[in-house]
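Beneath this line is the structure, given in structure tokens, with notes to follow.
The values are calculated or read from the model by the stated rules, or taken from the named source; none is laboratory data. Note that this is a predicted model, so its numbers are computed, not measured. Cβ atoms come from the backbone with ideal geometry, glycine included; neighbour counts cover every protein chain shown. We work out accessible area using only protein heavy atoms, side chains counted, and drop any ligands, DNA or RNA first. Shrake-Rupley method; radii C 1.70, N 1.55, O 1.52, S 1.80 Å.
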Amino acid sequence: MILANVPSIFGWILLYYTHSTVSLYSSTVLMGLGIGFSEAPILSYIGEITEPRLRGSMASLACTSSMFGVLLTYFLGYLFECRTVALLSTLCPIT
């Protein structure tokens, strides 16, 4: 799961330095790969460690927290310029 964050880190850094459409698409693909690589292990881990009566709510909590992260990114975009938001968003996969 740690290695699944590597494409996200490079995607956010590439988004910070982007000046063309190709690099914008490349950063989006890298971030999408990072999300895709981490979603399946997270849901498998939730299925293994939780009790059967809590599995549904824990799985929906994982999806809800990712949607909250998107909302937070949009809110940061309202407050700061996009390059600053890209640097701030890089902190999440690094952490």
Filter result for Thr64 (at pLDDT 90 or above, open to solvent by 60 Å² or more (accessible area, probe 1.4 Å) and touching a helix residue (DSSP H, G or I) at 6+ places or on another chain (Cβ under 9 Å)): no
Say whether the condition of being open to solvent by less than 60 Å² (accessible area, probe 1.4 Å), of a type in the set (Gly, Ala, Ser) and under 25 Å from Arg83 (Cβ atoms) is met by at least one residue in region 1-8. yes
Looking only at region 78-95, which residues are charged (D, E, K, R) and open to solvent by 90 Å² or more (accessible area, probe 1.4 Å)? Glu81
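Does Thr73 meet the test of being free of Cβ contacts under 8 Å to residues at least 40 places away in the same chain and not aliphatic (A, V, I, L, M)?
yes
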If I filter region 9-34 down to residues being exposed (fewer than 15 other Cβ atoms within 10 Å of the Cβ) and not polar (S, T, N, Q), which single residue comes out as farthest from Leu88 (Cα to Cα)? Val22
Checked against (1) of a type in the set (S, T, N, Q); (2) surrounded by 12 or more Cβ atoms within 10 Å (Cβ to Cβ); (3) under 18 Å from Val6 (Cβ atoms), Thr50 satisfies every condition except (3)
Could you please tell me which pairs satisfy a Cβ distance under 9 Å, a separation of 6+ or placement on different chains, a first residue in region 29-40 that is under 12 Å from Phe10 (Cβ atoms) and touching a residue at least 24 places away in the same chain (Cβ under 8 Å), and a second residue that is outside any helix (DSSP H, G or I) and open to solvent by less than 60 Å² (accessible area, probe 1.4 Å)? Leu33/Ala4; Gly34/Ala4
Which listed residue is open to solvent by 60 Å² or more (accessible area, probe 1.4 Å) and more than 20 Å from Ala4 (Cα to Cα), from Phe75, Phe37: Phe75
